[in-house]
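Encoded as C-alpha cells, the structure appears first; notes follow it.
The values are calculated or read from the model by the stated rules, or taken from the named source; none is laboratory data. These numbers come from a predicted model, not from an experiment. Cβ: placed from backbone, ideal geometry, glycine included. Neighbour counts: every protein chain shown.
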Amino acid sequence: MFTIVSKKNIAPQEFDIWVEAPRIAKHTKAGQFVVIRIDECGERIPLTIADNDEKKGLIRLIFQVIGNTTAKMSTLEVGDSILDISGPLGTPSEIKNYGTVLMVGGGVGIAALYPIIKALKLAGNKVITILGGRTSDLVIMKEDCAEYSDELIITTDDGSEGMKGVVTGAMEMVVEKGEEIDHCWCIGPSIMMKYGAITAKKLNLPIFVSLNSLMIDGTGMCGCCRVTVDNKIRFACVDGPEFDGLKVDWDEFMSRLTQYKKEEKASMKKYETEVGEQPWH
Amino acid sequence: MALDFSKEKTPIKEQEPKVRSKNFEEVCLGYTVEEGILEAGRCIDCKTKPCVAGCPVAIDIPGFIKCIKNNDMPGAAAILDEYTNLPAVCGRVCPQETQCEELCTVGKIKGFEPVAIGKLERLVADWKYANTKKEVAKKSKKSDVKMGKVAVIGSGPAGLTVAGDLAKLGYEVKIYEALHAAGGVLTYGIPEFRLPMKIVEMEIGAMKDLGIDIECNVVVGKTITMQEIMQEFDACFIAVGAGTPLFQGITGTNLNGVYSASEYLTRINLMHGYKFPEYDTPVIKSKNVVVIGGGNVAMDAARCAKRLGAKNVTIVYRRTLKELPARIEEYHHAVEEDINFNWLTNPIEYVNDGKGQLCAVKCIKMELGEPDDSGRRRPVPIEGSEFTFDADCAIEAIGQASNKILLDTFPELKLNKWGNIEADPETGETSVPGIFAGGDIVTGAATVILAMGAGKGAAVAIDSYIKNRYKPK
Ligand SMILES: Cc1cc2nc3c(=O)[nH]c(=O)nc-3n(C[C@H](O)[C@H](O)[C@H](O)COP(=O)(O)OP(=O)(O)OC[C@H]3O[C@@H](n4cnc5c(N)ncnc54)[C@H](O)[C@@H]3O)c2cc1C
Ligand SMILES: Cc1cc2nc3c(=O)[nH]c(=O)nc-3n(C[C@H](O)[C@H](O)[C@H](O)COP(=O)(O)OP(=O)(O)OC[C@H]3O[C@@H](n4cnc5c(N)ncnc54)[C@H](O)[C@@H]3O)c2cc1C
Ligand code: SF4
Ligand code: SF4
Ligand code: FES
C-alpha cells in the first residue's frame, strides 16, 4: 500500500506529501512522473515525482487542487493511503553538464522543475532559476530551489515579491545582463511554457518544456496523451513528457487539454454535492 | 446415414438488439444445461475428431461434450481444466468459426451447421463458477515446496496461461502487471457486453487460488528492471501484448474528438467511463461516430459508441465484407444494432470546425487491386471520389504495434523486423537464456487463444529449462 507519511499545505490549494513507494523511490530519475488512482471509482492522473528518498523508500508529490481527483486527494491525511501508484514513468530529463542552465518555473510546475534543478546542479551546472506566480503565496518551493540554484529570481504578477511581471521578462533580463546560457527548461501552465518557448527562440536559446497532457495509462497504450512535436505524433507519457519547446504545436496542445471541460465540471460538482463545503473554497 | 438431430445449432438466447444497444450487459445469454445437453447430442463423436486439431490448445472436445451429453457437468469441467485456464473467456471470444468449429465433421455434412463447441465450452465454464468454485479451489492448492521461481510480465491471456500451468506444476509464480487491474486486453479492451468483467475476474480468481501472486502497478523496465528480475527468478516469461495504437497520421489526427480505439475502449472498460460520473473517468458522448477499421476492435468501438447514445455509427473499411477480419458473429451483432458499414472507403482527413474539434471526416472510395504480401487484394483509392461524413467523433481501429516500454530498457533481447520479440513459436525461447516470450508481443496483434497456446508451450519449455539448469551434474 502506498501510505502517506507526511502532508503539508504549502500554498492555497497546494499540498506537499511524501508517500511510501520503495521501488519507485529506488528507480526515479529527474523528469519522471507517476500515475495515481485514489480509489476504486477513481481516475488515473499523472503527477510529477518532485523528490525521492531511496533509503526511506519515499516519493514526494506536490499537487494543486484543480478538479475532482486532486480535491479528493487533498482530503487524505497522514496514515491514509493511495490505492494505486505506478511509475516512475516517462523519459528522464537529459542531465549532464551543459555549463549554465536557466530554469524557469511557474505555478505547480515548479514541483516538476525542482528535481531537474537539483540533478543539474549535482551534475556541475551553474543554475539560474526563475520562479513565477500571480502572487507571492503561490510561488512554491522557494527554499528547495534556492538550495540548488546559484541565483534565484522571483517574479509575481502583482509585484508582491521579487520582480513585478512575468517569467519571460526575467528570462530576457538574465540574458541582457550578459549571462551565457547553454540550455533552458521551462515548466508551468501551458500558456507560460508557450511564451517561454517563444522568448527562448527570440533569445536563441535551446529549451525543454514538460508537457502535461491528459493521460490514462502512462505506458504508451492508449494514445490519449499524443502531441505534435516537430510535425510528428508523439506520446507525452513515453516519448516525453519533456520535448524541445521550439518544436511543440502549442495551440493544438492547449486545445487538447480542454477536451473534457464539461465532464470535469460535472465530476467536481457531483463531488461537492456529496461532501459539502470544503477547504478549497 | 440417418441423422436424428437438428441441422442447425441449438438456438441460443440473446438480448434483443433494440434493448441491448442501450446497455452494456452481455449480449449472448448462454445455454441452459438442458439446451447444452441437446446441443451436445449433435456431436457424433466422430473417429477423426478434426475439431481438436482446429483448437490451438487441443482441448479434448469430444471428451467434454460427451460429459455434457451425460449430464456430467463436473466431468466436463475437469476435462476443460486440463487444457485451458480461461474456458469462460474462450467460449465467448474465440473465433470458433475459423478454428474448432470450422473443421467439425457435422458442419461438413451438406446443410448442417457444426456443433456449437464454443458455446458449450462457455456453458461448462459458467456452470463450474456457479456451482463448484470453492471445491475446485481447494483441490488445486499445492504444497509449499516450490520447484523454482518464475516471473511473468503482463497479465493478459498469454501471461495468465503460463502462470496457471507452471503453478499447477508446482512453481512459485509472480505476475507483474503495469495497469491497476489484471487481464490485459480482456480487462481493458474487450467490452462488457461481449465479455463481462465478472467473468474475467472469476477466471483470474481461480488462478489466484492456484497460488499465483499477481502484482499490479508494476511497469517492468521502470518500476523494476529486467536485471532485477533475472537475479530474483529462475526464468521469466514476457507477455506484454501489442499494446501501442497505430494512427494513420492523416491531417487532423490530433483534433478533439479523434481517438484511438485503445483510448476509447480503455476509458469505457478499464476505467468504467460508461458509468461516469459514478466513476470519475469521462468518455465523450457523441452524435455521429465514424469508426475506421474492420477488426474486432472496430466492431467493439462502434458498438460501444452506439451504447453511449450515438445516433449514427458508421464503420469505414477499405476492403469489403469478404475480407473483414472481425468475427462474423460480431459483424452480425453490429448490423443488428444498426451500425452502418461503408465498404471500400478510407478516411483522408479529419476536418476541424475551426475550434480544434472534429466536425467531419473526409473519405475516398477504394477499389481492390493486385494482391499484396498477405495475399489479400490491395485497396487503391479511386481518384475524384472524395466525400464527407458529418462526425463529432472518429475512432481509429487500424491496429496496434508492440509496446516499447519494456523492450527499450532491455536491448539484449533480439527483435524481428516488425519490432516484435523474436521467439521460438513452440517454446517461446528468446535470444536471452532463461527469458521466454509469447502472445501478441511475439506474433503481433492476434487472438486470445493463440496467446494462450503460446503460454502453454512456454510453460512446458520453462519447466524443462529450470529442471535442466538444476540437474545435478
Ligand atoms: C506528466 C505530468 C505531470 C504532472 N505533474 C503534476 C504535479 O506534479 N502536480 C500537479 O498538481 N499537477 C500535475 N500534473 C497535472 C495533473 O495531472 C492534473 O492537475 C490532474 O490530472 C487534474 O485532475 P483532477 O481530477 O483534479 O482535475 P480535472 O477535473 O480532471 O481537471 C481540471 C482542470 O485541470 C486541467 N487538467 C486536467 N488534466 C490535466 C493534466 N494532465 N495536465 C494539466 N491540466 C490538466 C483540465 O484542463 C481541467 O480544466 C501533471 C500532468 C502531467 C501530464
Ligand atoms: C478491443 C479488442 C477486441 C478483441 N477481440 C478479440 C476477440 O473477440 N477474440 C480474440 O480471440 N481476440 C480478440 N482480441 C485480441 C486479443 O485480445 C489479444 O490477441 C490477446 O489479448 C493477446 O494476449 P497477450 O497476453 O499477448 O497480451 P495482452 O492481452 O495485450 O496483455 C498484455 C499485458 O501486459 C501488460 N504490460 C505491458 N507492458 C508491461 C510492462 N512493461 N510491465 C508489466 N506489464 C506490462 C499490459 O498492461 C497488459 O495488461 C481483441 C483485442 C482488442 C484490443
Ligand atoms: S478454446 Fe477456442 S478453439 Fe479451442 S475449443 Fe474452445 S472455442 Fe474452440
Ligand atoms: S468434429 Fe464435431 S462431431 Fe466430431 S468430435 Fe468434434 S465436435 Fe464432435
Ligand atoms: S497516456 Fe496512454 S499512451 Fe500516453
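Screening A:GLY105 on (1) part of a helix (DSSP H, G or I); (2) buried (at least 21 other Cβ atoms within 10 Å of the Cβ) shows it passes everything except condition (1).
Considering only residues that are within 16 Å of ligand 2 (Cβ to nearest atom) and of a type in the set (Val, Ile, Thr), look in segment A:167-222 and name the one that is nearest to A:LEU138 (Cα to Cα). Explain how you work it out, then say what you get.
Within segment A:167-222, the first condition is being within 16 Å of ligand 2 (Cβ to nearest atom), and the residues that meet it are A:215-222.
Keeping just the survivors that are of a type in the set (Val, Ile, Thr) gives A:216, A:219.
Values: A:ILE216: 28, A:THR219: 32 Å.
Among those that are within 16 Å of ligand 2 (Cβ to nearest atom) and of a type in the set (Val, Ile, Thr), it is A:ILE216.
Scan segment B:200-210 and tell me whether some residue there is in a strand (DSSP E or B) and more than 8 Å from every other protein chain (Cβ to nearest Cβ). No, the conditions are met nowhere in segment B:200-210.
Just to be sure before I move on: is A:ILE191 of a type in the set (Val, Ile, Thr), modelled with pLDDT under 95 and within 16 Å of ligand 1 (Cβ to nearest atom) in the structure I sent? Spelling it out, A:ILE191 is indeed of a type in the set (Val, Ile, Thr), modelled with pLDDT under 95 and within 16 Å of ligand 1 (Cβ to nearest atom).
Filter segment A:23-75 down to residues that are more than 16 Å from ligand 5 (Cβ to nearest atom) and among the hydroxyl-bearing types (Ser, Thr, Tyr) and give me whichever is nearest to A:GLU264 (Cα to Cα). The qualifying residue nearest to A:GLU264 (Cα to Cα) is A:THR70.
Cβ separations smaller than 8 Å between residues 6+ apart or across chains give the following pairs from segment B:31-44 residues that are under 13 Å from B:ASN70 (Cα atoms) to residues that are aromatic (Phe, Trp, Tyr) and assigned to a helix (DSSP H, G or I): B:VAL33/B:TRP127.
Tallying residues that are out of contact with any Gly (no Cβ under 9 Å at 6 or more places or on another chain) and assigned to a strand (DSSP E or B) within segment B:309-340 yields 4.
Rundown of residues vs (1) of a type in the set (A, V, I, L, M, F, W, C); (2) surrounded by fewer than 24 Cβ atoms within 10 Å (Cβ to Cβ), yes/no style:
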{"residue": "B:THR225", "(1), (2)": "no, yes"}
{"residue": "B:GLU228", "(1), (2)": "no, yes"}
{"residue": "B:ALA239", "(1), (2)": "yes, no"}
{"residue": "B:GLY243", "(1), (2)": "no, no"}
{"residue": "B:ILE268", "(1), (2)": "yes, no"}
{"residue": "B:LYS275", "(1), (2)": "no, yes"}
{"residue": "B:SER286", "(1), (2)": "no, yes"}
{"residue": "B:VAL291", "(1), (2)": "yes, no"}
{"residue": "B:ARG307", "(1), (2)": "no, yes"}
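Among the residues of segment A:36-88, those that are farther than 23 Å from B:TYR279 by Cα and acidic (Asp, Glu) comprise A:ASP51, A:ASP53, A:GLU54. For A:LYS29, state whether it is away from ligand 1 (no atom under 13 Å from the Cβ) and surrounded by fewer than 24 Cβ atoms within 10 Å (Cβ to Cβ). It is true that A:LYS29 is away from ligand 1 (no atom under 13 Å from the Cβ) and surrounded by fewer than 24 Cβ atoms within 10 Å (Cβ to Cβ).
Among the residues making up segment A:224-281, those that are facing chain B (nearest Cβ under 10 Å) and among the β-branched types (Val, Ile, Thr) are A:VAL227, A:THR228, A:ILE233, A:VAL238, A:THR258.
Taking segment A:149-198 on its own, how many of its residues are in a loop (DSSP other than H, G, I, E, B) and surrounded by fewer than 19 Cβ atoms within 10 Å (Cβ to Cβ)? Steps first, answer last, please.
Within segment A:149-198, the first condition is being in a loop (DSSP other than H, G, I, E, B), and the residues that meet it are A:149-150, A:157-162, A:165-166, A:177-182, A:188-189.
The next check asks that each one be surrounded by fewer than 19 Cβ atoms within 10 Å (Cβ to Cβ); those that pass are A:150, A:157-161, A:165, A:177-180, A:182, A:189.
Residues meeting the conditions: 13.
Residues considered: B:GLU278, B:GLU228. Of these, the only one that is out of contact with any strand residue (DSSP E or B) (no Cβ under 7 Å at 6 or more places or on another chain), under 21 Å from B:THR430 (Cα atoms) and not hydrophobic (A, V, I, L, M, F, W, C) is B:GLU228.
Considering segment A:6-21 alone, what residues qualify as being more than 14 Å from the chain's Cα centre (by Cα), on the phi < 0 side of the Ramachandran plot and more than 10 Å from every other protein chain (Cβ to nearest Cβ)? Passing the criteria: A:SER6, A:LYS7, A:LYS8, A:ASN9, A:ILE10, A:ALA11, A:PRO12, A:ILE17, A:TRP18, A:VAL19, A:GLU20. For the residues A:VAL229, A:VAL238, the requirement of being away from ligand 2 (no atom under 16 Å from the Cβ) and modelled with pLDDT of 95 or more singles out A:VAL229. Does segment B:62-84 contain at least one residue that is more than 16 Å from ligand 1 (Cβ to nearest atom), away from chain A (no Cβ under 14 Å), buried (at least 19 other Cβ atoms within 10 Å of the Cβ) and part of a loop (DSSP other than H, G, I, E, B)? Among the residues of segment B:62-84, at least one is more than 16 Å from ligand 1 (Cβ to nearest atom), away from chain A (no Cβ under 14 Å), buried (at least 19 other Cβ atoms within 10 Å of the Cβ) and part of a loop (DSSP other than H, G, I, E, B), which makes the answer yes.
Any chance segment A:37-45 includes a residue that's buried (at least 21 other Cβ atoms within 10 Å of the Cβ), away from chain B (no Cβ under 11 Å) and touching a residue at least 40 places away in the same chain (Cβ under 8 Å)? So that I can check it myself, show each step before the final result.
Initial filter on segment A:37-45 (buried (at least 21 other Cβ atoms within 10 Å of the Cβ)): A:37-38, A:42-45.
Filter again for away from chain B (no Cβ under 11 Å), leaving none.
Checking segment A:37-45: not a single residue is buried (at least 21 other Cβ atoms within 10 Å of the Cβ), away from chain B (no Cβ under 11 Å) and touching a residue at least 40 places away in the same chain (Cβ under 8 Å).
Return a yes/no flag: does segment B:79-86 have any residue that is farther than 19 Å from B:TYR31 by Cβ, aromatic (Phe, Trp, Tyr) and either within 15 Å of ligand 3 (Cβ to nearest atom) or touching a Phe, Trp or Tyr at 6+ places or on another chain (Cβ under 6 Å) (or both). For segment B:79-86, residues farther than 19 Å from B:TYR31 by Cβ, aromatic (Phe, Trp, Tyr) and either within 15 Å of ligand 3 (Cβ to nearest atom) or touching a Phe, Trp or Tyr at 6+ places or on another chain (Cβ under 6 Å) (or both): present.
For segment B:164-187, a residue qualifies if it is within 13 Å of chain A (Cβ to nearest Cβ) and either within 23 Å of B:GLY444 (Cβ to Cβ) or basic (Lys, Arg) (or both), and the qualifying residues are B:TYR176, B:GLU177, B:ALA178, B:LEU179, B:ALA182, B:GLY184, B:VAL185, B:THR187.
Okay, residues lined up against (1) among the basic types (Lys, Arg); (2) away from chain B (no Cβ under 14 Å); (3) over 19 Å from the mean Cα position of the chain (by Cα):
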| site | (1), (2), (3) |
| --- | --- |
| A:VAL65 | no, yes, no |
| A:MET73 | no, no, no |
| A:GLU77 | no, yes, yes |
| A:ILE82 | no, no, yes |
| A:PRO115 | no, yes, no |
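For segment B:16-29, a tally of residues being surrounded by fewer than 19 Cβ atoms within 10 Å (Cβ to Cβ) and either of a type in the set (Gly, Ala, Ser) or part of a helix (DSSP H, G or I) (or both) returns 3.
Among residues of segment A:231-263 being acidic (Asp, Glu) and either part of a loop (DSSP other than H, G, I, E, B) or out of contact with any Ser or Thr (no Cβ under 7 Å at 6 or more places or on another chain) (or both), the one that is farthest from ligand 5 (Cβ to nearest atom) is A:ASP251.
Screening B:THR266 on (1) facing another protein chain (nearest Cβ under 8 Å); (2) touching a helix residue (DSSP H, G or I) at 6+ places or on another chain (Cβ under 8 Å); (3) more than 26 Å from B:MET452 (Cβ to Cβ); (4) touching a residue at least 12 places away in the same chain (Cβ under 8 Å) shows it passes everything except condition (3). Residues of segment B:163-194 that are under 25 Å from B:ALA305 (Cα atoms) and within 16 Å of ligand 5 (Cβ to nearest atom): B:LEU179, B:HIS180, B:ALA181, B:GLY184, B:VAL185, B:THR187, B:TYR188, B:GLY189. Please work out if B:THR345 is over 18 Å from B:ARG194 (Cα atoms) and crowded, with 18+ Cβ neighbours inside 10 Å. The answer is yes for B:THR345.
For segment B:227-272, give me each residue that is among the aromatic types (Phe, Trp, Tyr), assigned to a loop (DSSP other than H, G, I, E, B) and away from ligand 5 (no atom under 16 Å from the Cβ).
Let us first name the residues in segment B:227-272 that are among the aromatic types (Phe, Trp, Tyr), namely B:233, B:237, B:247, B:259, B:264.
Okay, now just the ones that are also assigned to a loop (DSSP other than H, G, I, E, B), so B:233, B:247.
Hit for segment B:227-272 is B:PHE233, nothing else.
Condition first: within 14 Å of another protein chain (Cβ to nearest Cβ) and buried (at least 20 other Cβ atoms within 10 Å of the Cβ). Now tell me which residues in segment B:353-391 satisfy that. Correct list: B:LEU358 only.
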